[in-house]
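Novice: My questions will all concern the structure given below.
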Amino acid sequence: MCPLAACRGLRPLDAGQVAYMERFKQGELSIDRGTQVLVQGQRSAHVFTVLEGVLIRFKLLEDGRRQIVNFMFPGDLIGLQAAMGEPLTHGVEALTSARLCVFARGRFPELIQTHPELGYDVIWLAAKEEEALEEHLVALGQRTARERIAYLAVFLVQRAMETGLAHGNSVALTVTQTQIADMLGLSLVHTNRTLQALRQSNLITWNLSEILIADMDAAREFTRFDHTPSTPRPYL
């Protein structure tokens, strides 16, 4: 049984869709933390759905600097550009150990033709990722350092809640200060000082193994961000 069927924030497939996706998928892939699934600039023969774990999507500059663009949780579709046959403009790396469902890129026209409702779900997932990227851009351009880090904590904990990875208002997730800085455009020194300030204010405690939000409503108000979904997310 697909582990995503038990995720409360995901919309279950009907029996016919489950049977089709079992035939459509190529297999499953288990990977360790740090494994790069997709490589920027290359074409990929596969598209993936996250079954377990968390991954990061990032873009590398020519001088080696990295901008983390998004975090991928169970149910998220990885490598949609590959489905269109385009070279990837980003890379994807496992933040934790992870399990992925593997699909052959060349079979996506078949999926859209035979199951247009699943094709619509692909479009929906792409639109939701664009929505998340808009929020990340607002964080970079308009939020203060404290608001940026608090926003990212709320975003990660809420995504964890939707996908069964959270325990109350916390999630066990190893995100280094370098990765936080790479996501939010902050220096390591500024990141460290801001994390300490948030911890001292009793708003957010973020260490190497856990993100804990003492008062989610207060954190949402502080960041002016509420990602609570109105409808369950589809998945393939």
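Novice: Give the percent of DSSP beta bridges with both residues in the chain that are antiparallel, rounded to the nearest 5.
Specialist: About 95 percent, rounded to the nearest 5.
Novice: Based on the Cα coordinates of the range 86-169, what is the per residue volume of their convex hull in Å³?
Specialist: Value for the range 86-169: 148 Å³ per residue.
Novice: Hey, can you grab everything whose amide H is under 5 Å from the amide H of residue 10? Only 5+ residues off in sequence or another chain; H modelled, so Pro and N-termini drop out.
Specialist: Distant-sequence amide H within range of residue 10: 233.
Novice: Explain nothing, just compute: Karplus ³J(HN,Hα) = 6.51 cos²θ - 1.76 cosθ + 1.60, θ = phi - 60°, for every residue of the range 97-105 in order, whole Hz, x for Gly and Pro.
Specialist: Each residue's phi maps through the Karplus curve to give 4, 8, 10, 10, 8, 10, 10, 6, 4 Hz.
Novice: Here is a follow-up. Would you please give the residues with an amide H less than 5 Å from that of residue 37, counting only those at least 5 places away or on a separate chain, with H modeled from the backbone geometry?
Specialist: For residue 37, the qualifying residues are 92, 93, 94.
Novice: Quick one: pull the percentage of alpha-carbon pairs in the range 4-111 with a separation above 18 Å.
Specialist: More than 18 Å apart: 51 percent of the Cα pairs in the range 4-111.
Novice: Report relative contact order for the chain in percent, whole number only (criteria: Cα-Cα under 8 Å, sequence separation at least 6).
Specialist: For the chain, the relative contact order is 23 percent.
Novice: Hey, another quick one. Over the Cα atoms of the range 164-236, what radius of gyration and what Dmax do you get, in Å?
Specialist: Taking only Cα atoms of the range 164-236, I get Rg and Dmax of 13.8, 42 Å.
Novice: Read phi for every residue in the range 143-159 and hand back ³J(HN,Hα) as whole Hz from Karplus 6.51 cos²θ - 1.76 cosθ + 1.60, θ = phi - 60°, with x for Gly and Pro.
Specialist: With the stated coefficients, the range 143-159 comes to 8, 6, 4, 5, 5, 4, 5, 5, 4, 5, 4, 4, 4, 5, 5, 5, 4 Hz.
Novice: Follow-up. Please list the non-local residues whose amide H lies under 5 Å from the amide H of residue 78, H modeled 1.01 Å from N, same-chain partners needing a gap of 5 or more.
Specialist: 48, 49, 50
Novice: Return the loop-located GluC sites (Glu not before Pro) in the range 1-84 (DSSP other than H, G, I, E, B) with at most 15 other Cβ atoms within 10 Å of their own Cβ; answer none if there are none.
Specialist: Of the GluC sites (Glu not before Pro), the ones in loops of the range 1-84 whose Cβ has at most 15 other Cβ atoms within 10 Å are 62.
Novice: Based solely on its DSSP helices, what 222 nm [θ] is calculated for the chain when runs of n ≥ 4 H residues each add -39,500 (n - 2.57) and the sum is averaged over all residues, nearest 500 deg cm²/dmol?
Specialist: That calculation yields -12500 deg cm²/dmol at 222 nm.
Novice: Sorted from largest to smallest, which semi-axis lengths in Å does the alpha carbon gyration tensor of the range 67-219 give for its equivalent ellipsoid, taking the root of 5 times each eigenvalue?
Specialist: 32, 16, 14
Novice: Now for a different question. Sum up the charges of everything whose Cβ sits under 9 Å from the Cβ of residue 151, counting Lys and Arg as +1 and Asp and Glu as -1, but leave residue 151 out.
Specialist: Local charge sum for residue 151: +1.
Novice: Evaluate the relative contact order of the range 154-236 (contact order divided by residue number), counting alpha-carbon pairs under 8 angstrom at least 6 apart; express in whole percent.
Specialist: It rounds to 30 percent for the range 154-236.
Novice: Order of 100-107, 32-39 by packing, highest average Cβ count within 10 Å first?
Specialist: So the order, starting with the most tightly packed, is 100-107, 32-39.
Each reported figure results from applying straightforward, stated rules to the coordinates on display, with no laboratory input. Only a predicted model underlies this, so the values are computations on that prediction, with no experimental measurement involved. For neighbour counting, all protein chains shown are included, and Cβ atoms are generated from backbone atoms with ideal geometry for every residue, glycine included.
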